[in-house]
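Here the structure is laid out as structure tokens; the discussion comes afterwards.
The values are calculated or read from the model by the stated rules, or taken from the named source; none is laboratory data. Since the model is a prediction, treat every value here as computed from it, not as a measurement. When we count neighbours, we look across all protein chains shown, and the Cβ atoms used for this are built from the backbone with ideal geometry, even at glycine. The protein model used for the area step is the full one, side chains on, heavy atoms only, and it has no ligands, DNA or RNA in it. Shrake-Rupley method; radii C 1.70, N 1.55, O 1.52, S 1.80 Å.
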Amino acid sequence: MAVSQNGAARSLPEKAISEFDAVLSGDLIRPENADYDQVRSVWNGMIDRRPALIARCKLVADVIEAVGFAKRHSLVVSVRGGGHGVSGNAVCDGGLMIDLSQMTTIRVDAQDATARADAGALLGDLDRATQTFGLAVPAGTVSETGIAGLTLGGGLGWLMRKYGLTCDNLIGVDMVTADGEFIRTDDETHPDLMWGLRGGGGNFGVVTSFRYQAHPVGPTVLAGFVLHPIGQANEFLRFYQEYAAQAPDELTTIAVIRIMPPVPTVPSELHGVQVVGTGVCYVGDLDEGHRVLQPLRNFGKPILDSIRTTQFVDHQAALDAGVPAGLHYYEKSENLPALSPELIETLVEHGERVTSPYAFVGLFQLGGAVSRVAERDTSYTNRDAAYSLIISSGWKDPSETDDQTKWVRAFWNAAKPFSTGGAYINFMSHDDGQDRVVESYGQHTYRRLADLKSIYDPTNLFRLNQNIKPSPRTATTPHT
């Protein structure tokens with residue numbers, strides 16, 4: 001039984017399904033197929049949705065056919081790239097899941113320092129391909145993240161203070177629109193659409209390929225983690241606020257409060273130990289990097305200092321083991337203007353209440369190149385924020401769900417008074433509603449996005465995302 005876009009249950013004609021299956025280069029998977037449960041699963045084990053059909057696309061032509069099928073039968077549509085989004089919007093109930101995970105080709109042009117990556121590629125795939133040529137695209141902190149959702153939502157990562165967000169380095173896309181048309185866009189062709197794709201999420205169509213500006217990075221960088229006992233959290237965060245405010249663009253830091261997980265990448269003596277500290281990545285002259293990081297390493301008596309010269313691809317994967325696929329995950333986010341003493345007290349008070357080794361509080365340091373992009377140039381907003389706060393919990397036992405989500409929400413409610421008003425949409429969970437989306441973008445940017453939505457997706461076919469509703473105006477053709 002399928003679900004239409006208006007929520008009504010309906011049966012799909014077998015003949016139509018068979019004809020759709022016949023034209024796909026990839027597989028059309030139904031609930032009775034043996035691999036159905038595996039294919040519908042995503043990173044967040046809390047998500048348990050059952051599409052009526054899953055189209056595993058191999059070619060752009062498959063995507064065009066899938067969009068056309070969904071429109072003809074008025075089906076709910078979800079689009080899966082890497083399937084790593086905490087909200088689980090990659091999967092729908094009763095509709096058509098357009099699965100791009102088999103579209104993973106990456107091509108690097110070393111001469112132009114650009115990379116083209118298909119929408120099913122993961123961050124680690126992109127890193128390995130570009131590092132072969134001594135290049136990197138600023139993108140994320142977990143190598144198993146899909147590039148599609150990361151890019152379209154903005155793209156925080158270890159290189160952002162030096163080279164900007166992932167969306168700032170997006171220079172072109174191939175996309176299938178809601179009317180099933182394939183278009184190629186950049187700053188010269190459909191510049192309005194490029195603006196929307198740089199932070200506006202998956203609202204405007206199915207992006208099948210991304211073209212990025214790459215930058216010279218590594219292959220060796222200065223990176224690692226400095227951790228202190230949780231009892232020093234207040235003192236450390238006060239020091240960290242002053243230290244980070246003076247950091248050069250070459251340095252990106254992510255401060256954390258967490259219980260260390262029992263994973264191979266964490267020394268066994270720290271398993272289960274609650275800590276405060278920061279991860280770092282310095283991209284630049286290594287001697288200068290050692291000088292810049294020395295005050296951080298000299299502060300107090302760290303219980304772990306793993307900062308060293310390392311391969312960039314290894315550092316990009318350093319956090320993977322702490323966020324394994326299949327756990328239940330729940331997150332909230334706020335952008336912050338600074339770490340005031342009052343906010344630090346709030347972070348410590350609620351951070352000390354964490355109970356899961358797969359939960360953490362993260363402060364992604366912004367500024368640098370992120371702050372020098374004009375607000376009008378991308379739909380990613382709040383460029384003047386100093387930090388992006390993520391409050392995240394992960395747990396294995398479903399019986400813990402109430403306690404873990406309550407901890408996240410209570411922490412989030414306590415942090416909201418310190419917010420700039422914005423938030424990172426890629427850190428939004430399944431229960432963040434429309435008001436939260438508007439709040440995160442701000443009224444002006446949201447209205448502009450809604451106008452763009454009314455042109456490219458006036459019926460809101462692509463609604464399983466941090467949704468931008470079409471503005472109530474007459475749509476005009478975008479293809480001029």
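Computed from label points 7 Å out along Cα-Cβ, the spacing between ARG50 and VAL23 is 2.9 nm.
Relative protection proxy for 165-171, 282-288, from highest mean packing down: 165-171, 282-288 (other beta-carbon atoms within 10 angstrom). Between the helical axis of 60-72 and the longest alpha-carbon principal axis of the chain there is an angle of about 60 degrees.
Descending by average beta-carbon neighbour count within 10 Å, the peptides 105-115, 417-427, 131-141 line up as 131-141, 417-427, 105-115, the highest first.
Taking amide hydrogens as placed 1.01 Å from N in the peptide plane, the amide H of ALA423 sits under 5 Å from those of ASN335, each at least 5 positions away in sequence or on another chain. Peptides 224-230, 384-390, 51-57 ranked from most to least packed give 51-57, 384-390, 224-230, packing being the mean of other C-beta atoms within 10 angstrom over each peptide's residues. Computed from phi, the 3J(HN,Hα) profile of region 30-38 under the Karplus parametrisation 6.51, -1.76, 1.60 (θ = phi - 60°) reads 10, x, 7, 6, 4, 9, 4, 5, 5 Hz, with x in place of Gly and Pro. Each residue of region 231-246 is assigned a 3J(HN,Hα), and the resulting list reads x, 9, 4, 5, 5, 5, 5, 5, 4, 4, 4, 6, 5, 5, 5, 9 Hz, derived from the Karplus form 6.51 cos²θ - 1.76 cosθ + 1.60 (θ = phi - 60°), x at Gly and Pro. All C-alpha to C-alpha distances of the chain, sorted into 20 Å bins beginning at zero, yield P(r) values of 25, 58, 17, 0 percent in whole numbers. Full extension of the chain segment joining GLN311 with LEU12 gains 102.5 nm, where the gain is 0.36 nm per residue of separation less the Cα-Cα distance.
Values of log10 I(q)/I(0) for region 48-129 across q = 0.27 Å⁻¹ run -1.24, by the Debye formula with one identical scatterer at each alpha carbon and no solvent. Shape class of region 117-169 from the Cα gyration tensor (axes a ≥ b ≥ c, square roots of the eigenvalues): oblate, since a/c reaches 1.5 or more and a/b does not exceed b/c.
Protein heavy-atom accessible surface, 1.4 Å probe, per residue over the chain: 38 Å².
If you look at the Cα atoms of region 344-397, you get an Rg and a Dmax of 15.1, 44 Å.
Less than 5 angstrom separates the built amide H of ARG80 from those of ILE98, ASP99, LEU100, all sequence-distant by 5 or more or on a different chain.
The Rg/Rh ratio of region 9-159, with Rg taken over Cα atoms and Rh as the Kirkwood radius over Cα pairs, comes to 1.02.
The accessible area of MET103, taken with all protein chains in place and a 1.4 Å probe, comes to roughly 10 Å². I'd like the carbon and sulfur percentage of the solvent accessible area for region 202-350, probe radius 1.4 Å, heavy atoms only, ligands and nucleic acids excluded. Carbon and sulfur together cover 53 percent of it.
Ligands, DNA and RNA excluded, the heavy atoms of SER306 present near 30 Å² of accessible surface to a 1.4 Å solvent probe. Computed 3J(HN,Hα) for region 82-88, one whole-Hz value per residue from the Karplus formula 6.51 cos²θ - 1.76 cosθ + 1.60 where θ = phi - 60°, is x, x, 9, x, 5, 6, x, glycine and proline marked x. Taking GluC sites (Glu not before Pro) across region 342-390, the ones in a DSSP loop with at most 14 further Cβ atoms lying within 10 angstrom of their Cβ are GLU352. About its Cα centre, the dipole of the chain is roughly 560 debye, where the only charges are +1 on Lys and Arg Cβ and -1 on Asp and Glu Cβ. Helix 14-23 and the longest principal axis of the C-alpha atoms of the chain enclose an angle of approximately 70°.
For the residues TYR212, TYR163, a 1.4 Å probe over the protein chains yields an accessible-area ranking, largest first, of TYR163, TYR212. Approximating the spin labels as points 7 Å out from Cα along Cα→Cβ, the GLN434-to-ASP287 distance works out to 6.0 nm. HIS430 contributes an accessible area of around 90 Å² to the protein surface, as traced by a 1.4 Å probe with all chains present.
Summarising the amide proton neighbourhood of THR145: residues at separation of 5 or more, or on other chains, whose placed amide H is nearer than 5 Å comprise LEU123, GLY124. Modelled label positions at PHE182 and SER340, each set 7 Å beyond Cα in the direction of Cβ, lie 5.4 nm from each other.
Beta bridges assigned by DSSP with both partners in the chain are antiparallel in approximately 90 percent of cases. For region 288-378, the gyration tensor built on C-alpha atoms gives a rounded shape. Its axis ratio a/c (a ≥ b ≥ c) stays under 1.5.
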